[in-house]
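Written below as structure tokens is the structure these notes are about.
Computed from the coordinates by the stated procedures, all read-outs in this text should not be read as laboratory data. A quick note: this is a predicted structure, and the numbers were derived from the prediction, not measured. Here the Cβ positions follow ideal geometry from the backbone for every residue, glycine too, while neighbour counts run over all protein chains shown.
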Amino acid sequence: MERRVPLGNRKIAGATLTVSTMGGYSVSLDGTDIGYVHAGVGDEWHAYRRRADRPDEYLGHFAMDEAVGRIAHTP
């Protein structure tokens, strides 16, 4: 399934979302890239938290606000 994402940056849960080349969004907090989301089924998005010392962590699929909140507020 292809989902088009609106161009330009967005702010959710204190994080900045920037359109990625893969058709989702990169998520940054205070200028640091902390994760990304990509389209799931319906209005759900798959959320991933970036980890420097190990593979990225899959957090699950959620509505956009919840997905970004999980990325931004996961220790």
request  = For the chain, build the charge dipole from Cβ charges (+1 Lys, Arg; -1 Asp, Glu) around the Cα centre, then report which of V68, H38, V19 sits farthest towards its positive end.
outcome  = V19
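Mean projection of the alpha-carbon convex hull of the chain over all orientations, in nm²?
Values: hull surface 19.5 nm².
Mean projected area of the Cα convex hull: 4.9 nm².
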inquiry  = I want the local charge near D65. Using Cβ-Cβ distances under 13 Å, sum +1 for each Lys or Arg and -1 for each Asp or Glu among the other residues.
reply    = 0
